[in-house]
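All remarks here apply to the structure that follows.
The values are calculated or read from the model by the stated rules, or taken from the named source; none is laboratory data. What you see is a predicted model, and the numbers here were worked out from it, not measured in a lab. Virtual Cβ from ideal backbone geometry, glycine too; neighbours counted across all protein chains shown.
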Ligand SMILES: [Zn+2]
C-alpha cells in the first residue's frame, strides 16, 4: 500500500521522464561546496554586501578569483570586473541659466553624494509645487526647486518624483537617502529662477570604481553557434546593514542572493570542460537591490552582442525550499516564452520539478536582473527554489538556514538544462505577437 501510494505521488509531480542518476560532471555540484561559498558570501565580514561598500568589493574579488581558477575567460576584454567609476563630487558643478543671466554653482553647493557620475544639460527647473506629471513631461529632464524650509519627509516625497536634481534653500538637518544630487541655493538665487530657467549639471567620474559586475565565459565549440551565448547570472549584492533585530544589524543575504551566486559558480564548475556548442557567460551583478544598477549597465554596455544572447538563467534565492517543497524550482514569466517548459523537460530527468508558480511567476518577472535583459529582447527569466520567506531582507537570512542538499539537487537540474540548451540548435523564443517578441526582433 505504501509503495503504491508513493508511486502515485511521484507520478503526479514528475512529468513522464525517466529520472537518471546524475552524470559525473553534475556530481561535481555538491552541498559542501555550495555551503562553503554561501558561508563566505553571507558572512558578517562582508557586512551585507551593500552597493557600494568594501564588503561588496571583497565579494567581487572573491568571485573574479574563482572564475580565474575555474579557467573561465574574462568577459570584459582582459578583465573580469567592469563598472562605473565613483562620482568625483569635489569637481561637481552646475550652471543655472535664467532670464537675468547665468549662475555658476561649485562643489560646495552639493549637499549629498549622487550615486553615479552625471553629465546633464538643459534640465528644466520647475517649482516643487508643480504638478507631479510636470517633471516627466516632454523629453527634457527636470529639476525641482523648493524655496523656504523643507522637512525630511517632504524632501523624500519630492525625490519619489524622480527629478534629475533637487534645489533647496533651507535643507532639513537630517537628509533622506536620495539618488539624485541635492543643491543649495540662496533665497536670492532661488527668487531669480522663475519659469524658463535651465540647468546644466556635471559630476565627473572619480578614479575609484563605484561597484563592479563580475563576468567570465566558457567559449562554445560549434563554428556558428559559438557566437551565440547563454547567460547564467545572479546578483551578488544585498542591502547592507539596518536597524538591529535581536542585536543583529547585518542583512547577510544568504538566500538572497548568495545562494544564486554560489549556484552560478557551481554550474560553471560542472560545465567548465564540457563540449558546449554555444558559449556560456557567467555574470554576477552589483546593485540589483538598488534598482538593477549592474544589469542595466550591462545591457547598456554589452560585452557580447545582445542579439546573440539566446537566453538568460538568472538564479534568485535557490536555498530555501520551506514553502514550495523539496526538489522543485519555479521560473518567472513562464507563459511569455518556451524557456520554462524547456528547462522543465531537462530538469525532470534529474528529478527536479520545474514549474510556473501560481502567484510568484507572474509577479516577480519584473523583480530581478532578468528584466533589463527581457526589455532588450533577450529571453531572460529568473529561477527560484524558494519563496519570499520571513527572513527575506532581514538579519535572519543567514547561511545556517539554507538546505544545501536540496540546493545541490536543484542546481544539478539547472546545470543539466543549461548544458542541453547550449547544445540545442534551436534557441528559446518569446511567444510570437507579444511586446517581448517585438523587442527580440528589434535587437
Ligand atoms: Zn535577490
Tell me which residues, restricted to the stretch 65-90, are part of a helix (DSSP H, G or I), out of contact with any helix residue (DSSP H, G or I) (no Cβ under 6 Å at 6 or more places or on another chain) and either loosely packed, with under 14 Cβ neighbours inside 10 Å or at positive phi (or both).
65, 68, 69
Condition met for residue 54 (more than 21 Å from residue 205 (Cβ to Cβ), surrounded by fewer than 21 Cβ atoms within 10 Å (Cβ to Cβ) and either modelled with pLDDT of 95 or more or out of contact with any strand residue (DSSP E or B) (no Cβ under 9 Å at 6 or more places or on another chain) (or both)):
no
Go through the stretch 266-291 and give me each residue that's within 16 Å of the ligand (Cβ to nearest atom) and in contact with a helix residue (DSSP H, G or I) (Cβ under 6 Å, 6 or more places away or on another chain).
284, 285, 286, 287
Would you check if there is a residue in the stretch 146-159 being without any contact (Cβ under 8 Å) to a residue 40 or more places away in the chain, surrounded by 15 or more Cβ atoms within 10 Å (Cβ to Cβ) and part of a strand (DSSP E or B)?
yes
Any idea which residue in the stretch 365-386 is nearest to residue 413 (Cα to Cα), counting only those that are in a loop (DSSP other than H, G, I, E, B) and within 16 Å of the ligand (Cβ to nearest atom)?
385
Just a yes or no: is a residue in the stretch 341-364 within 16 Å of the ligand (Cβ to nearest atom), closer than 19 Å to residue 397 by Cβ and not in a helix (DSSP H, G or I)?
yes
Out of the stretch 306-320, which residues are in contact with a strand residue (DSSP E or B) (Cβ under 9 Å, 6 or more places away or on another chain) and away from the ligand (no atom under 16 Å from the Cβ)?
308, 309, 310, 311
Which one is surrounded by the fewest Cβ atoms within 10 Å (Cβ to Cβ), of the residues in the stretch 167-205 that are free of Cβ contacts under 8 Å to residues at least 60 places away in the same chain and assigned to a loop (DSSP other than H, G, I, E, B)?
173
Tell me the residue from 212, 228 that is within 27 Å of the chain's Cα centre (by Cα), buried (at least 22 other Cβ atoms within 10 Å of the Cβ) and modelled with pLDDT of 95 or more, please.
212
Among the residues in the stretch 357-364, are any touching a helix residue (DSSP H, G or I) at 6+ places or on another chain (Cβ under 6 Å) and closer than 19 Å to residue 256 by Cα?
yes
